[in-house]
1. Looking only at region 258-291, which residues are assigned to a helix (DSSP H, G or I), at pLDDT 95 or above, among the small types (Gly, Ala, Ser) and open to solvent by less than 60 Å² (accessible area, probe 1.4 Å)?
2. Just wondering, is there one or more residues in region 301-310 that are touching a Cys at 6+ places or on another chain (Cβ under 7 Å) and either farther than 21 Å from THR242 by Cα or of a type in the set (A, V, I, L, M) (or both)?
3. Consider region 144-154. How many of its residues are within 17 Å of VAL191 (Cβ to Cβ) and out of contact with any strand residue (DSSP E or B) (no Cβ under 7 Å at 6 or more places or on another chain)?
4. Based on what the data block shows, is ARG294 within 30 Å of ASP59 (Cβ to Cβ), basic (Lys, Arg), over 21 Å from the mean Cα position of the chain (by Cα) and part of a strand (DSSP E or B)?
5. Kindly indicate whether any position in region 380-395 is aromatic (Phe, Trp, Tyr) and assigned to a helix (DSSP H, G or I).
6. Can THR242 be described as at pLDDT below 95 and either in a loop (DSSP other than H, G, I, E, B) or surrounded by fewer than 22 Cβ atoms within 10 Å (Cβ to Cβ) (or both)?
7. For region 170-193, name all the residues that are open to solvent by 40 Å² or more (accessible area, probe 1.4 Å) and under 12 Å from THR220 (Cβ atoms).
8. So which residues in region 38-58 are under 24 Å from the mean Cα position of the chain (by Cα) and open to solvent by less than 50 Å² (accessible area, probe 1.4 Å), if there are any at all?
Amino acid sequence: MPSLIFRKGLDLKHAVAGMLAENYHSAVVDRIKAEEFTYRTGRLTVHLAREFGFCYGVDRAVDYAYQTRKRFPDRAVFLTGEIIHNPHVNEKLRGMGIAFLSDDTGAVDRLQPSDVVILPAFGVTMAMLQQLDQRGCTLIDTTCGSVLNVWKNVRRYAEGGYTSIIHGKVWHEETQATASQAVEYGGHYLVVLNHSETAYVCDYIRGGGDRAEFLEKFSTAMSPSFNPDRDLQHIGLANQTTMLMSESLELGELVKASMQARYGESEIAKHFQAFDTICSATQDRQDAVITLLREKPIDLMIVIGGYNSSNTCNLARICATSRPTFHIADPECLRSPEEIRHRPVGAKQEVTSTGWLPPADAVTIGLTSGASTPDNLVGAAIAKLEAFCLGDGGS
């Protein structure tokens, strides 16, 4: 029996509103928003970016997960993997008795028709969706609307004979799900991570190259049976929604220029397509932090969010271009006025730094958080900063 799929919630929004507020709301953050996103106490000034934290898609996904647990209290409820890239939120869901299929490689094959499975905000691959459908369990689909918009365009490319070049991280759940859409609809895809990889592809488009080298370089980032001599003749652009907006736009222009160089301006429409797949929430948070850095006398930036959160990492990248920046996973990383745990931009591991907070005189800190970071973590971080600057160490 095919799976029953819920895509618009379970009509229990009001029933779980109190629990969501208790777990993720912050009265402190609400007060700061009301005071022009600025908090002052003693020698400390904190400026919040005007767009930060939970975006609509994340808020909706978490809401649906809570509704699911409420609707099916006596049934086994699973997530395919992390619902969003925030360890605090995922642990809350585990504490509610929601199991993660990603914790057990054989779990999908043991699912029963009575089981309930939540699909995360990133979406899932077509292969995973087909597996779940075969098990006949109830599905709660929380896939973000911005991701669905990317999928729509990738399917359009595939059906028109265009290869999707996807700016994204090939290991990220969203990019894997997007790539699977291209294959499902008879198309091809190629995932590029950065300027260097895109430039390599563009050189091949312009003048060809070593086919074997190309296939080796992108062996884990392309569709099965990909042939660069054939599959780079018609290209459509897409992106992982949480990538750095300015970079996605820049890489798109590089690809377009290479196609113009090969086919000429008069033929470009036959060989190249691009639709706006930039997530508005991601863009808003990036624009807000750029404005904050431009308009406020910030001494240092703190960016709060999971280390595996792409949009959070990109906020840290933006900040680090002009200010000392500390990307922390949660408020507990603020160990003391002298010590902080954080992950430097571009690094793979968390480190501990000392002497991060100026020991005296006025200090102005800019603060933002990724789209998967709830307000209560922002509020807790501000409380720690206040304690540090009042001199009790907060330890």
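The values are calculated or read from the model by the stated rules, or taken from the named source; none is laboratory data. Keep in mind that what you see is a predicted model, and the values were worked out from it rather than measured. Because the Cβ atoms are built from the backbone with ideal geometry, glycine has one as well, and the counts that use them run over all protein chains shown. Side chains are part of the model used for accessible areas, which takes the heavy atoms of the whole protein and leaves out ligands, DNA and RNA. Shrake-Rupley method; radii C 1.70, N 1.55, O 1.52, S 1.80 Å.
1. Matches in region 258-291: SER258, ALA288.
2. Applying the first criterion (touching a Cys at 6+ places or on another chain (Cβ under 7 Å)) to region 301-310 yields 301, 303.
Filter again for either farther than 21 Å from THR242 by Cα or of a type in the set (A, V, I, L, M) (or both), leaving 301, 303.
Within region 301-310, one or more residues are touching a Cys at 6+ places or on another chain (Cβ under 7 Å) and either farther than 21 Å from THR242 by Cα or of a type in the set (A, V, I, L, M) (or both).
3. Residues of region 144-154 that are within 17 Å of VAL191 (Cβ to Cβ), as a first pass: 147, 150-151, 153-154.
Remaining after also requiring out of contact with any strand residue (DSSP E or B) (no Cβ under 7 Å at 6 or more places or on another chain): 147, 151.
Final tally of qualifying residues: 2.
4. Values: within 30 Å of ASP59 (Cβ to Cβ): yes; basic (Lys, Arg): yes; over 21 Å from the mean Cα position of the chain (by Cα): yes; part of a strand (DSSP E or B): no.
No.
5. Step one: filter region 380-395 for residues aromatic (Phe, Trp, Tyr), giving 388.
Those left that are additionally assigned to a helix (DSSP H, G or I): 388.
Yes, region 380-395 contains at least one residue that is aromatic (Phe, Trp, Tyr) and assigned to a helix (DSSP H, G or I).
6. Details: at pLDDT below 95: yes; either in a loop (DSSP other than H, G, I, E, B) or surrounded by fewer than 22 Cβ atoms within 10 Å (Cβ to Cβ) (or both): yes.
Yes, satisfied.
7. VAL170, TRP171, GLN176, LEU193
8. Start the filter on region 38-58 by keeping residues that are under 24 Å from the mean Cα position of the chain (by Cα), which leaves 47-58.
Scanning region 38-58 gives HIS47, LEU48, ALA49, PHE52, GLY53, PHE54, CYS55, GLY57, VAL58.
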